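Engineer: Pasting a structure below so you can have a look.
The values are calculated or read from the model by the stated rules, or taken from the named source; none is laboratory data. In this text the structure is predicted, and so the values were computed from the model without any measurement. Using ideal geometry, Cβ is built from the backbone for each residue, glycine included, and neighbour counts are taken over all protein chains shown. What goes into the accessible areas is simple: the full protein's heavy atoms, side chains included, and nothing from ligands, DNA or RNA. Shrake-Rupley method; radii C 1.70, N 1.55, O 1.52, S 1.80 Å.
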Amino acid sequence: MPMFPVSASRLRFEPNGHAVLRGLDLVLGGEGISVVLGPNGAGKSVLLRILCGLLEPSAGTLRWGDYDHCPEGVAMVFQQPIMLRASVLENAALGLIPLGVARRERQASAWAMLERVGLADRARDSARQLSGGERQRLALARAWLTRPRLLLLDEPTASLDPSGAEMVERIIREVRTEGCKIVMTTHNLGQATRLADDVVFMASGCVREHVPVSEFFRRPASEEARLFIQGELPWQMAF
Amino acid sequence: MSTGGVGTAFGEALSLILAFDHQVLDIALLSLRVSGLAVAIGLLIGLPAGACLAVGRFRGKQTLAVIANGFMGLPSVVVGVVVYLLLSRSGPLGDFGLLYTPSAMVIAQIVLVVPLMAAISRQVVEDAWRQYAEEFNAMRFTWSQSVRTLLHDCRYSLFVAVLAGLGRAMSEVGAVMIVGGNIDRSTRVMTTSIALETSKGDLPLAIALGLVLIAMILLLNGLAFVVRNWAMRRYS
Ligand SMILES: Nc1ncnc2c1ncn2[C@@H]1O[C@H](COP(=O)(O)OP(=O)(O)OP(=O)(O)O)[C@@H](O)[C@H]1O
Ligand SMILES: [Mg+2]
């Protein structure tokens with residue numbers, strides 16, 4: 001069964017009466033990289049969690065192609081990925097446990113993946129000793145290893161230095177060329193122009209714009225988007 | 001007794017230990033065997049049970065957690081009586097003829113240490129689970145995969161649970177006295193012989209056994225400390 005397009009309509013998320021998403025509409029195709037932009041508190045991370053099936057919307061409809069619940073083949077990398085008290089290799093192989101892969105094969109695939117993200121020489125080290133950039137690459141490897149069809153990335157390069165961010169971007173591009181749909185958030189507009197095929201602009205728990213990336217930066221349709229690009233969106237407008 | 005008497009008793013106790021007195025050695029080894037086996041079996045039950053209590057979502061989970069916490073301090077004589085009733089000739093398990101054997105002592109000590117280890121395991125695993133839950137859910141871990149992964153991840157902290165169990169088992173006297181019967185060369189362990197020798201007035205042997213008991217517990221704790229420190233450095 002196809003799991004695309006992922007479509008949300010009039011999606012609301014209001015835990016304890018506090019409206020976070022207020023009638024969000026969005027349709028995501030099965031290819032390319034969609035970058036979700038928007039001010040702090042706009043609901044970007046909440047949207048990704050809902051797309052991953054981790055949070056239940058309070059109202060509205062959400063479908064992943066023919067599925068009405070989150071199907072297999074969706075993976076997510078959190079802003080601060082957790083690492084078990086184990087080696088880099090074991091952490092990379094973690095995502096294969098639920099897929100029922102035997103321990104040996106898990107480790108063999110993890111090795112190959114660590115090579116691709118440039119962490120093979122750290123395989124035997126403790127994952128908790130990695131730097132922020134290395135952790136993020138490890139988390140990407142862990143998610144990628146499960147061969148997802150939809151990969152959700154929450155600020156994958158937040159707090160990384162330019163070269164660390166560049167390495168992560170290279171991995172993201174590589175995942176994309178393997179035919180995996182990527183939805184990611186970022187506050188780095190340069191990164192959005194480099195990676196995005198389309199931009200989803202969110203404010204106040206709604207999608208305000210969903211357009212190809214060049215259009216978004218050249219001719220933002222809304223005043224909010226224009227101000228956001230110029231870095232002048234007053235924070236009140238986020239809510 | 002005069003202070004001189006106690007001093008002499010201490011001196012004799014030390015010479016018993018230094019001479020590797022057979023009686024002392026046999027009793028100490030039996031203690032270690034019984035309590036070691038009880039803890040080894042108990043941890044296979046207690047640690048996973050605690051982890052299930054931490055991770056699982058089922059009705060009565062809170063109640064079970066409270067019971068485990070409450071049973072941590074279960075009086076050992078009460079456990080002794082309950083196991084005695086189960087194993088006695090007319091009891092439901094009487095046909096096995098286990099009463100007054102080391103096996104009976106092992107069973108009683110298992111009952112004693114399982115709630116303790118389960119309660120500590122629940123606490124340790126719950127703390128880790130709070131951090132990992134979202135990521136595990138995103139990876140679609142099943143309940144039992146989460147439990148197994150968490151137990152492995154917390155292995156060094158769970159050492160504390162095992163140690164607490166061993167300490168409890170080695171130092172209790174009530175349960176082994178009742179179900180073991182304190183039979184010479186068969187079910188006489190350190191705590192029961194300390195009680196007996198003291199009441200008989202054979203202080204040197206009682207003191208010697210007491211010193212050995214304390215030394216063993218200190219040694220085990222020291223070992224655990226070293227292992228934990230090593231692990232903390234390794235996995236920061
Ligand atoms: N699991 C949750 N349950 C309830 N409310 C939540 C949850 N997660 C986030 N929120 C609330 O939703 C609002 C939006 O948060 P979210 O993290 O989605 O913002 P964001 O767009 O990702 O912001 P940032 O750019 O700072 O990461 C916040 O007010 C937050 O407190
Ligand atoms: Mg966020």
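Engineer: Can you list residues whose amide H is under 5 Å from A:Val207's amide H, if they're 5+ apart or on another chain and H is modeled 1.01 Å from N?
Structural biologist: Counting only residues 5 or more places away or on other chains, the set is A:Asp25.
Engineer: Taking a ≥ b ≥ c as the square roots of the Cα gyration tensor eigenvalues, with a/c under 1.5 meaning rounded and otherwise prolate when a/b beats b/c, else oblate, which class fits segment B:3-235? Don't skip to the answer; put the middle values down first.
Structural biologist: On the way: a/c = 2.94, a/b = 1.63, b/c = 1.81.
In terms of gyration-tensor shape, oblate.
Engineer: Which value, in debye to the nearest 20, gives the size of the charge dipole of the protein assembly as shown about its Cα centre, when Lys and Arg are +1 and Asp and Glu are -1 at the Cβ?
Structural biologist: On the way: 45 positive and 40 negative charges, 73 e Å.
That gives the protein assembly as shown a dipole magnitude of about 360 debye.
Engineer: Okay, next question. Relative contact order, percent, of chain A when contacts are C-alpha pairs under 8 Å separated by at least 6 residues?
Structural biologist: 27
Engineer: Multiply the residue separation of A:His187 and A:Glu31 by 0.36 nm, subtract the distance between their alpha-carbon atoms, and state the gained length in nm to one decimal. Working shown, then result.
Structural biologist: Details: separation 156, 0.36 × 156 = 56.16 nm, distance 2.20 nm.
Extending this stretch completely gives an extra 54.0 nm.
Engineer: Place a point 7 Å from Cα of B:Ala195 in the direction of its Cβ. Which residues in segment B:66-92 have their backbone N less than 17 Å from it?
Structural biologist: Within reach of a label on B:Ala195: B:74-85.
Engineer: Along the charge dipole of chain B, Cβ charges K/R +1 and D/E -1, which of B:Phe159, B:Ser171, B:Val106 sits furthest on the positive end?
Structural biologist: Most positive-ward Cα: B:Phe159.
Engineer: At 20 Å minimum axial length over the Cα atoms and a Kyte-Doolittle cut of 0.0, report the qualifying DSSP H helices in chain B, or say none. Display every interim value, and only then the final one.
Structural biologist: Details: long enough: B:3-18 (23 Å, 1.20); B:22-55 (48 Å, 1.71); B:102-138 (48 Å, 0.58); B:155-171 (24 Å, 1.01); B:203-235 (48 Å, 1.54).
Result, helices passing both filters: B:3-18, B:22-55, B:102-138, B:155-171, B:203-235.
Engineer: For segment A:135-239, with only Lys/Arg (+1) and Asp/Glu (-1) charged at the beta-carbon, what is the dipole magnitude about the Cα centre, in debye rounded to 20? Please list the in-between numbers first.
Structural biologist: Values: 14 positive and 14 negative charges, 88 e Å.
Roughly 420 debye for segment A:135-239.
Engineer: Going by a ≥ b ≥ c, the root eigenvalues of the Cα gyration tensor, does the protein assembly as shown fall in the rounded group (a/c under 1.5), the prolate group (a/b larger than b/c) or the oblate group?
Structural biologist: prolate
Engineer: At 1.4 Å probe size, with the rest of the protein present, what percent of the exposed accessible area of the protein assembly as shown is carbon and sulfur atoms? Mind dumping the intermediate values first?
Structural biologist: Values: 13210 of 22260 Å².
Ligands and nucleic acids excluded, carbon and sulfur give 59 percent.
Engineer: Right, next: Using a 1.4 Å probe on protein heavy atoms, which residues of segment B:106-151 have at least 40 Å² less accessible area in the complex than alone?
Structural biologist: Residues losing area: B:Tyr132, B:Glu134, B:Glu135, B:Ala138, B:Met139, B:Arg140, B:Phe141, B:Gln145.
Engineer: I've got another one for you. Please name the residues of segment A:95-127 whose accessible area, counted over protein heavy atoms with a 1.4 angstrom probe, falls by no less than 30 Å² between the chain alone and the full protein assembly.
Structural biologist: A:Ile97, A:Pro98, A:Ser126
Engineer: What does DSSP give for chain A in terms of the percent of beta bridges that are antiparallel, rounded to the nearest 5? Walk me through the numbers on the way to the answer.
Structural biologist: On the way: 19 of 36 bridges.
Within chain A, antiparallel bridges account for around 55 percent of the total.
Engineer: Need the C-alpha centroid separation for segment A:131-175 versus segment A:63-122, integer Å.
Structural biologist: What the calculation gives is 12 Å, centre to centre.
Engineer: Another question about this same structure. For a quick check of understanding: with a 1.4 angstrom probe and all protein chains in place, what accessible area in square angstrom does A:Glu115 have, to the nearest ten?
Structural biologist: Approximately 120 Å² of A:Glu115 is accessible to the 1.4 Å probe.
Engineer: Same structure, new question: Could you point to the residue in A:Pro71, A:Ala221, A:Ser131 farthest towards the positive end of chain A's charge dipole, with +1 and -1 charges on the Cβ of Lys/Arg and Asp/Glu respectively?
Structural biologist: Farthest along the dipole direction, towards plus: A:Ser131.
Engineer: Can you give me the Cα centroid spacing of segment B:12-53 and segment B:155-182 in angstrom?
Structural biologist: 8
Engineer: Can you work out the PRE-style zone for A:Asp121? Point 7 Å along Cα to Cβ, and I want the residues of segment A:68-97 with backbone N under 20 Å.
Structural biologist: A:87-90, A:92
Engineer: Kindly compute the accessible surface that chains B and A hide from a 1.4 Å probe when together, both sides summed, and give it to the nearest 100 Å². Each step should come with its number before you reach the end.
Structural biologist: Values: alone 12910 and 11340 Å², together 22260 Å².
Protein heavy atoms only, the B-A interface buries about 2000 Å².
Engineer: For a quick check of understanding: with a 1.4 angstrom probe and all protein chains in place, what accessible area in square angstrom does B:Tyr235 have, to the nearest ten?
Structural biologist: Per-residue accessible area (B:Tyr235): approximately 20 Å².
Engineer: Using θ = phi - 60° and the Karplus relation 6.51 cos²θ - 1.76 cosθ + 1.60, list the HN-Hα couplings for segment A:71-78 in order, rounded to whole Hz, with x at every Gly or Pro.
Structural biologist: x, 5, x, 10, 10, 9, 10, 7
Engineer: To the nearest 20 Debye, how big is the dipole of chain A about its Cα centre, given +1 on the beta carbon of each Lys and Arg and -1 on that of each Asp and Glu? Each step should come with its number before you reach the end.
Structural biologist: Working: 28 positive and 27 negative charges, 100 e Å.
Its charge dipole is roughly 480 debye.
Engineer: Can you sort B:Leu219, B:Leu32 by 1.4 Å-probe accessible area, starting with the largest? Before the final figure, lay out the partial values.
Structural biologist: Working: B:Leu219 130, B:Leu32 75 Å².
Per-residue accessible area, sorted high to low, gives B:Leu219, B:Leu32.
Engineer: Something else about it: Rank B:Gly180, B:Gly91, B:His22 by how far each Cα sits towards the positive end of the charge dipole of chain B (+1 on Lys, Arg Cβ; -1 on Asp, Glu Cβ) and give me just the farthest.
Structural biologist: So the residue furthest toward the plus end is B:Gly91.
Engineer: A:Ala123's amide H: which non-local residues (gap 5+, or another chain) put their own amide H closer than 5 Å, with H modeled 1.01 Å from N in plane and none for Pro or chain starts?
Structural biologist: none
Engineer: Could you work out, residue by residue across A:44-57, how many beta carbons of other chains sit within 10 Å of that residue's beta carbon, and then give the average as an integer? Intermediate values should be presented prior to the final figure.
Structural biologist: Details: counts 0, 0, 0, 0, 1, 3, 0, 0, 4, 3, 5, 1, 0, 0.
Mean partner-chain Cβ count within 10 Å for A:44-57: 1.
Engineer: Something else now. At what distance in nm do the modelled label points of B:Thr63 and A:Ala59 sit from each other, each positioned 7 Å from its Cα along Cα→Cβ?
Structural biologist: In this crude spin-label approximation the distance works out to 3.8 nm.
Engineer: Here's another thing I want to ask about it. Given R₀ = 41 Å, what would the calculated FRET efficiency be for A:Asp197 paired with B:Ser144, taking r from the Cβ atoms and rounding to 0.05? Could the numbers behind the result be given before it?
Structural biologist: Working: r = 40 Å, r/R0 = 0.97.
The pair A:Asp197/B:Ser144 has a calculated efficiency of 0.55.
Engineer: Using only protein heavy atoms and a 1.4 Å probe, report how much of A:Thr177 is accessible, in Å² to the nearest 10.
Structural biologist: So the heavy atoms of A:Thr177 present about 110 Å² to solvent.
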